[in-house]
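**Student:** The structure that follows is given in the form of structure tokens.
All of the numbers you see were taken from the coordinates with simple rules; none came from a lab. Values in this document were obtained by computation on a predicted structure and should not be read as measured data. Don't worry about glycine lacking a Cβ; one is built from the backbone with ideal geometry, like all the others, and counts go over all protein chains shown.
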């Protein structure tokens, strides 16, 4: 009998493992452990790095994550999603005996995070730019209910800008590494995307701080609509090839839908991919290239580029943004990055950030929160940069012993 609870015991090597950086949006949670070259993604849903914030209400207990996504086309009436954006609204998802409000659904997400991050003492969270301060406060309450300790929160665009500016300032412009770099004030456009909306934020970077200037959201250009467009286009191609429509069968449609996200992850590194379409009494393989996906989503990325240009044109900035940074989720959208590169100013560079960039950036802020350099308030307007030194590059921040005794408060910075 003494062995029954043995797997529940916490091993010594899992205790006190420091803080995790969390990249949170309306689609998923993503966690990073370690800093600098040691930063790596932590799996949150079995072997998968992302915890999808989708809940299925068809079982005895709500199912969260990929298990819910894998039945989202067959059983759409049991799915609960986009609840992060609905925090504070009078909205309820019902099915059978289950009743979920946005706050209750978010609590399930933090409980799953707590189970996956065994041994970690606290979390630093990068929130979507579209989240309001009351929503952040409600999110913190749900985290507290799930017994997740939050050391600090900040808006994703500011987190990314502060991380890159800090590394640039504390880098060196000589091989001796004794002279810090200097730069003039500039602006960057940061584009993020999740199932709810596409977001564009213009951030001003100076040697002293990074500050949000303007922001716009496009709910009609969320990732969910891009998936729907790809699903319909792939189904239409299947009809032209074999006169069979996978949308006529819920199981065949679900099988094709489950291949869209892996396809978007691998299409940039592989010239062509094969998708399997299977019905009850038929099957068909589709060969897809990057150019095919760009053409499928042409109407979406054209609208996205036009909306972003209209967003920038009346701002009357002295110079165009020095760079456009697309988060990993926005960079996966077919055709968007090449279209921005083609239609932006020649002086504007376009770059797609790697998948762990946001979570690693907010994790690097934990040391500054511990030292009192940053306010415990939600950082959604400005983040001060570290003071410049003349003694060489700053040491990379560590996430050890980064668990303050108080929870962050949420207010304007």
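**Student:** Could you calculate the contour length gain from residue 77 to residue 276, that is, 0.36 nm times the residue separation minus the distance between their Cα atoms, to one decimal place in nm? If you can, show how the numbers build up before the last one.
**Tutor:** Numbers: separation 199, 0.36 × 199 = 71.64 nm, distance 2.57 nm.
Extra length available between residue 77 and residue 276 comes to 69.1 nm.
**Student:** So how far apart, in nm, are the two label points at residue 168 and residue 95 if each is 7 Å from Cα heading toward Cβ?
**Tutor:** 4.6
**Student:** Sticking with this one: Which order do 145, 272, 224 fall in if you start with the one that has the fewest other Cβ atoms within 10 Å? All intermediate terms of the calculation are to be shown ahead of the outcome.
**Tutor:** On the way: 145 14, 272 11, 224 18.
Arranged by neighbour count, lowest to highest, 145, 272, 224 become 272, 145, 224.
**Student:** For residue 133 and residue 299, FRET efficiency with R0 = 45 Å and r from the beta-carbon atoms, rounded to 0.05? Please report the intermediate quantities before stating the final value.
**Tutor:** On the way: r = 35 Å, r/R0 = 0.78.
Using R0 = 45 Å, I get an efficiency of 0.80.
**Student:** Multiply the residue separation of residue 318 and residue 40 by 0.36 nm, subtract the distance between their alpha-carbon atoms, and state the gained length in nm to one decimal. Don't jump to the answer; show the numbers that get you there.
**Tutor:** Details: separation 278, 0.36 × 278 = 100.08 nm, distance 3.87 nm.
Additional length available on full extension: 96.2 nm.
**Student:** When ranked by the protection proxy of mean other Cβ atoms within 10 Å per residue, highest first, what sequence do the peptides 290-297, 20-27 form?
**Tutor:** So the peptides 290-297, 20-27, ranked by packing, come out 20-27, 290-297.
**Student:** FRET efficiency for residue 242 and residue 58, Cβ-Cβ distance as r, R0 = 35 Å, nearest 0.05?
**Tutor:** Efficiency, rounded to the nearest 0.05: 0.65.
**Student:** Quick one: grab the alpha carbon gyration tensor of the chain, order the square roots of its eigenvalues as a ≥ b ≥ c, and give me rounded if a/c is under 1.5, else prolate or oblate depending on whether a/b is larger than b/c.
**Tutor:** On the way: a/c = 1.79, a/b = 1.19, b/c = 1.50.
It is oblate, given that a/c is not under 1.5 and a/b is not larger than b/c.
**Student:** Shifting gears a bit: Of the peptides 367-380, 116-129, how do they stack up when ordered by the mean number of other Cβ atoms within 10 Å, highest first? It would help to have the intermediate numbers written out before the result.
**Tutor:** Numbers: 367-380: 18.6, 116-129: 21.4.
For the peptides 367-380, 116-129, the packing ranking is 116-129, 367-380.
**Student:** For a quick check: sort 82, 329 by the number of other beta carbons within 10 angstrom, fewest at the front.
**Tutor:** 82, 329
**Student:** Modelling each spin label as a point 7 Å along the Cα-to-Cβ direction, I'd like the residue 283/residue 213 distance in nm, to one decimal.
**Tutor:** About 5.5 nm separates the two model spin labels.
**Student:** Still on this structure: Neighbour counts of other C-beta atoms within 10 Å: give me 94, 149 arranged from fewest to most.
**Tutor:** Working: 94 11, 149 16.
Lowest count first: 94, 149.
**Student:** Report the full-extension gain for the segment residue 349 to residue 144: residue separation times 0.36 nm, less the Cα-Cα distance, to one decimal in nm. Please list the in-between numbers first.
**Tutor:** Working: separation 205, 0.36 × 205 = 73.80 nm, distance 4.09 nm.
Taking 0.36 nm per residue and subtracting the Cα distance, the gain is 69.7 nm.
**Student:** Run the simple label-point estimate for residue 67 and residue 103 please: 7 Å along Cα→C-beta, distance reported in nm.
**Tutor:** 2.6
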